[in-house]
1. Which length gain, in nm to one decimal place, applies between Phe121 and Arg99 when the Cα-Cα distance is subtracted from 0.36 nm times their residue separation?
2. Label-point separation (nm) for Lys106 and Glu130, each offset 7 Å from Cα along Cα-to-Cβ?
3. Given a 1.4 angstrom probe, what's the average accessible area per residue across segment 100-182, in square angstrom?
4. Near Phe96, within a Cβ-to-Cβ distance under 11 Å, what is the net charge of the other residues, with Lys and Arg +1 and Asp and Glu -1?
5. Once the whole set of protein chains is in place, how much accessible area is left on Glu130, using a 1.4 Å probe, in Å² to the nearest 10?
6. Return, ordered by residue number, the residues of segment 131-166 whose backbone nitrogen is under 12 Å from a label point located 7 Å along Cα→Cβ of Ile172.
7. In the structure shown, do any of Lys84/Lys117; Lys106/Lys148; Lys134/Lys166; Lys105/Lys134 have a Cα-Cα gap over 18 Å, and if so which?
8. Under the rule of at least 5 residues apart or a separate chain, name every residue whose amide H is placed under 5 Å from the amide H of Thr113.
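The values are calculated or read from the model by the stated rules, or taken from the named source; none is laboratory data. Treat the numbers as computed from the prediction; the structure is a model and nothing was measured. Methodologically, a virtual Cβ is constructed for each residue, glycine included, from the backbone with ideal geometry; neighbour enumeration extends over all protein chains shown. Remember, those area values only see protein heavy atoms, side chains included, never the ligands or the DNA or RNA. Shrake-Rupley method; radii C 1.70, N 1.55, O 1.52, S 1.80 Å.
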Amino acid sequence: MNNKIFILFFIFFISLFASFSAENWQGQKDKHKAKSVKISESKVKGKETPTIKLDTIKGKFKNFKSELDSLIKSDLNIKLKPFKKNAHASYYHNKFNGRRTASGKKFNNNNYTAAHKKLPFGTKLKITNEANCKSVIVEVTDRGPFSKSREIDLSRRAFMEITSNKNSGVVIVTIEEVIESK
């Protein structure tokens, strides 16, 4: 008899807990929705520059990315020339910090730099992670990577900024050349 009562109470508490957790989870889910995205212009030393303010945004927002890309292209006079899609990108090991690159500059893993096999030094590239649409602009300062399967090596800072999994060493990216018009 005691076992039956215990089992009934156990089932009752589990169902009560499950319903409470479902309600609480739904409330938490609503908190993380985007409240607003404000795009305004601010004046910095006589020039109007776009300012973007985000309020609690979680997840992928392709519309926001396209708005940001259009701001970059139109307001800042930057054009992007597609270079390669589905390219494999990796990052430099810390042992290369402080060493000279092929261009003669000292390598620093905290800068936004990259190594490419053929592009000229000083070329600016927009690297976009295809999985999460995060992007970064880097400058080519070195030659490499010396693996046939990889297209570009990024500095650790640039790589960690676009990756969604901090433990991965390779990411599939889109490479676009940045052309600054005067």
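1. 6.3 nm
2. Between Lys106 and Glu130, the simple spin-label model gives 3.8 nm.
3. Values: 4330 Å² over 83 residues.
Value for segment 100-182: 52 Å² per residue.
4. Numbers: positive: Lys95, Arg99, Arg100, Lys106, Arg156; negative: Asp142, Asp153.
Within the 11 Å Cβ shell, the charges total +3.
5. Solvent-accessible area, nearest 10 Å²: 70 Å².
6. Backbone N within reach: 131-132.
7. Working: Lys84/Lys117 13 Å; Lys106/Lys148 25 Å; Lys134/Lys166 14 Å; Lys105/Lys134 27 Å.
Exceeds cut-off: Lys106/Lys148; Lys105/Lys134.
8. Glu139, Ser155, Ala158
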